[in-house]
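Trainee: After the structure tokens below, expect a handful of questions from me.
The values are calculated or read from the model by the stated rules, or taken from the named source; none is laboratory data. Worth saying up front: this structure is predicted, and the values here are computed from it rather than measured. FYI the Cβ positions are ideal-geometry reconstructions off the backbone, even for glycines, and counts take in every protein chain you see.
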Amino acid sequence: MSRARTLDVEVAEDRRSESMMINMGPQHPSTHGVLRLVLELDGEEVISCAPVIGYLHRAKEKVGETFSWHKFIPYTDRLDYLAPLSNNVAYALACEKLMAVDCPPRAQAIRVICHELSRISAHLLGLGAYAMDLGAMTIFLWTFREREQIYSLIERICGARFTTSYTRIGGVERDLPEDFWPKCQAFVNEFPGRVDEYEALLSRNKIWVKRTQGIGVITKEQALQFGLTGPNLRGSGIEYDVRKANPYLGYENYEFEVPIGTEGDCYDRYLCRLFEMRESAKILQQVIDTIPDGPILNRDGDEALKTVLPEKEKVLTNMEALIHQFMVGTESIHAPVGEVYFGCENPKGELGFYLRSKGGLEADRLRIRGPSFANLQILEELTPGHSIADIMALLGSIDFVMGECDR
Amino acid sequence: MAKVVDRRKLNFWEELYLPAIASGMKRTFAQMFKPAITLQYPEQRPEIFDDYRGAPGLVRDQDGREKCVSCQLCEYICPPRAIVIVPGEAPDQPDYDYSEIEKAPKEFYIDMLRCIYCGYCEEICPEQAIFMTDLYELNAGSRQELVHDKAKLYDVGGLRVDAIQKWKDKNASPGSEERKNVPPSGNPGDGAH
């Protein structure tokens, strides 16, 4: 189903004198953060759109180059602040690749839980905000009900709801408490039913269908050219998921499907996100069933002594351990010379860390490939010809987060 | 492997739109008869677990001893640089158990406006002297009030019962490795005693 909304470009050129410039954002409630869109309008039709970014720039990459490897972990929380656990995992994996540190199987499984919980949580917010922008207020309240459940789980995982700082190089900070498992199981059990509820309200609703189908069509070629990743890429029908393409954390052992769309419009991207949430719940169930016992931090070998803090009990009783505590605390980690790139399938797309080390206590260069940054670029290409009301659908369906875009 | 998402055309019934309203209303009204999930904060409070990462505080052990020995590891590790410690000499310990401790913080500040509650200070502390407490609501009339000083930090941290009392246990077993290597006369702790 497509709508003949495309504006004749030549007509638009003639009407330039009548066009109106409008700022959407950075304070506009529907722009999700501090994105500013400079829209050129002809009546209600958008002639051009220039996204202005940088209002949330905090020089994260530079901070990463002045801080030791471990100290940067809390800063990764604040990249995609809707999925902080996922960012922690991505950064830890990149560091481990650089330092050739292994992660024990139990910690890997815990990281998968982190990844999938934050994926569900981020998609829920994306869906809720998307629907609310298009006038379906109920969804927003309902998704926040489930997000509350997820945040309680995350609070049990790491002691904080939002600023998690959970992973360490070589594992995770603490083991999951006993009461986490029944809570997580309860969530996994009831979550598919919740997704059914959202679907019942939206998927076959004529208003929703009219406002999303045929809007913001991203072709396969465009999606590839702009370097889209995540649900935005898959919505356009390209089967690429980092978890399948370059499995990490043992994702090859879990059974899940990757959804792809056919048209590449806002409706397809919505469907992909819903599908991904269901698949994430399935992965969670598999982790609950198969999580191995064992250590959560890699403390094997002499190398690990230099990278991982010793157990607290040993620090209090053993002189050697106390010395190591001070060594790791003050000297931190001397990474080997080298450069690595590691990309993770985050909720918004591929979050990549490029680390270059000259063998010091901190990175020589730390580059963050934020998926939202890449995904946002397509707005300029996509918006001309749409009505201004459709911009809301577009923004919602692209589902970006400025913390990661501006860094 | 990849699954194409289900995208059917709306059927005649769905095109009518009215059934969607009815179905939506049914689900929305059904919510009224389900228990509310909101909390009436501040009358109702969320459950806070022991391992929650709230405001950091300094702790005393079960003997009432202030545990921080001002090694400054937390100051060093703190990512937002919220901690400032002015080291000083430990007060005279009348008790033999703690006579080896030489240092204690003269001043200890944590700027709660900078603190990001990451818990690194608790993780790194070799004395188990600083802990993330369950205090999650901080407010003040001025910025200065939110810079917690030593008295306030001990107030926040309170008392914590230790399973391992590091200094006591060490003295309780004079034959332990650490003691063996130290010549008796060269131990400043013994001298002070």
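Trainee: Considering only the range B:132-161, how many residues are more than 11 Å from the chain's Cα centre (by Cα) and aromatic (Phe, Trp, Tyr)?
Mentor: Number satisfying all stated conditions: 1.
Trainee: Test A:Gly396 against the criterion of being at pLDDT 85 or above, in contact with a Ser or Thr (Cβ under 9 Å, 6 or more places away or on another chain) and over 18 Å from A:Glu45 (Cα atoms), and give yes or no.
Mentor: yes
Trainee: Now a separate question. Would you mind finding the one in B:Ile85, B:Ile77 that is farther than 30 Å from A:Phe144 by Cβ, touching a Gly at 6+ places or on another chain (Cβ under 6 Å) and not basic (Lys, Arg)?
Mentor: B:Ile77
Trainee: Identify, from the list A:Tyr270, A:Tyr248, the residue that is away from every other protein chain (no Cβ under 14 Å) and either in contact with a Cys (Cβ under 8 Å, 6 or more places away or on another chain) or farther than 30 Å from B:Glu123 by Cβ (or both).
Mentor: A:Tyr248
Trainee: Could you check, for the range A:237-245, whether at least one of its residues is crowded, with 22+ Cβ neighbours inside 10 Å, part of a helix (DSSP H, G or I), within 9 Å of chain B (Cβ to nearest Cβ) and among the basic types (Lys, Arg)?
Mentor: Looking for residues that are crowded, with 22+ Cβ neighbours inside 10 Å, part of a helix (DSSP H, G or I), within 9 Å of chain B (Cβ to nearest Cβ) and among the basic types (Lys, Arg), one finds none in the range A:237-245, hence no.
Trainee: Could you count how many residues in the range A:214-233 are crowded, with 22+ Cβ neighbours inside 10 Å and within 13 Å of chain B (Cβ to nearest Cβ)?
Mentor: Here the count works out to 2.
Trainee: Tell me, yes or no, whether the range A:33-45 has at least one residue that is closer than 30 Å to B:Cys78 by Cα, modelled with pLDDT under 85 and in a loop (DSSP other than H, G, I, E, B).
Mentor: yes
Trainee: What number of residues within the range A:200-213 satisfy the criterion of being in a helix (DSSP H, G or I) and within 10 Å of chain B (Cβ to nearest Cβ)?
Mentor: Qualifying residue count, the range A:200-213: 8.
Trainee: B:Met32 is checked against (1) hydrophobic (A, V, I, L, M, F, W, C); (2) at the interface with chain A (Cβ under 10 Å from one of its Cβ atoms); (3) out of contact with any helix residue (DSSP H, G or I) (no Cβ under 8 Å at 6 or more places or on another chain) and fails just one. What number does that condition carry?
Mentor: It is condition (2) that B:Met32 fails.
Trainee: Criterion first (more than 20 Å from B:Arg7 (Cβ to Cβ), not in a loop (DSSP other than H, G, I, E, B) and not hydroxyl-bearing (Ser, Thr, Tyr)) does A:Arg234 satisfy it?
Mentor: no
Trainee: Within the range B:120-139, how many residues turn out to be under 10 Å from B:Cys74 (Cα atoms) and in a loop (DSSP other than H, G, I, E, B)?
Mentor: Residues that pass the stated criteria total 2.
Here's the yes/no breakdown for (1) assigned to a helix (DSSP H, G or I); (2) in contact (Cβ under 8 Å) with a residue 24 or more places away in the chain; (3) surrounded by fewer than 21 Cβ atoms within 10 Å (Cβ to Cβ); (4) within 11 Å of another protein chain (Cβ to nearest Cβ):
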| site | (1), (2), (3), (4) |
| --- | --- |
| A:Gly264 | no, yes, no, no |
| A:Asp293 | no, yes, yes, no |
| A:Lys306 | yes, yes, yes, no |
| A:Val315 | yes, no, no, yes |
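Trainee: To continue, here is another question. Tell me whether the range A:56-75 contains one or more residues that are within 18 Å of A:Thr167 (Cα to Cα), within 14 Å of chain B (Cβ to nearest Cβ) and either of a type in the set (S, T, N, Q) or free of Cβ contacts under 8 Å to residues at least 40 places away in the same chain (or both).
Mentor: Yes.
Trainee: Kindly indicate the residue of the range A:138-162 that is more than 9 Å from chain B (Cβ to nearest Cβ) and touching a residue at least 40 places away in the same chain (Cβ under 8 Å) and also nearest to the chain's Cα centre (by Cα) among those meeting that condition.
Mentor: The extreme case among them is A:Phe162.
Trainee: Taking the range B:70-79 as the search range and keeping residues that are in contact with a helix residue (DSSP H, G or I) (Cβ under 9 Å, 6 or more places away or on another chain) and part of a loop (DSSP other than H, G, I, E, B), which one is nearest to B:Lys103 (Cα to Cα)?
Mentor: My answer is B:Cys71.
Trainee: Can you find a residue that is at the interface with chain A (Cβ under 9 Å from one of its Cβ atoms) and surrounded by 12 or more Cβ atoms within 10 Å (Cβ to Cβ) anywhere in the range B:53-64?
Mentor: yes
Trainee: Sticking with this one: Looking at the range A:365-378 only, could you name the residues that are touching a helix residue (DSSP H, G or I) at 6+ places or on another chain (Cβ under 7 Å) and part of a loop (DSSP other than H, G, I, E, B)?
Mentor: A:Gly370
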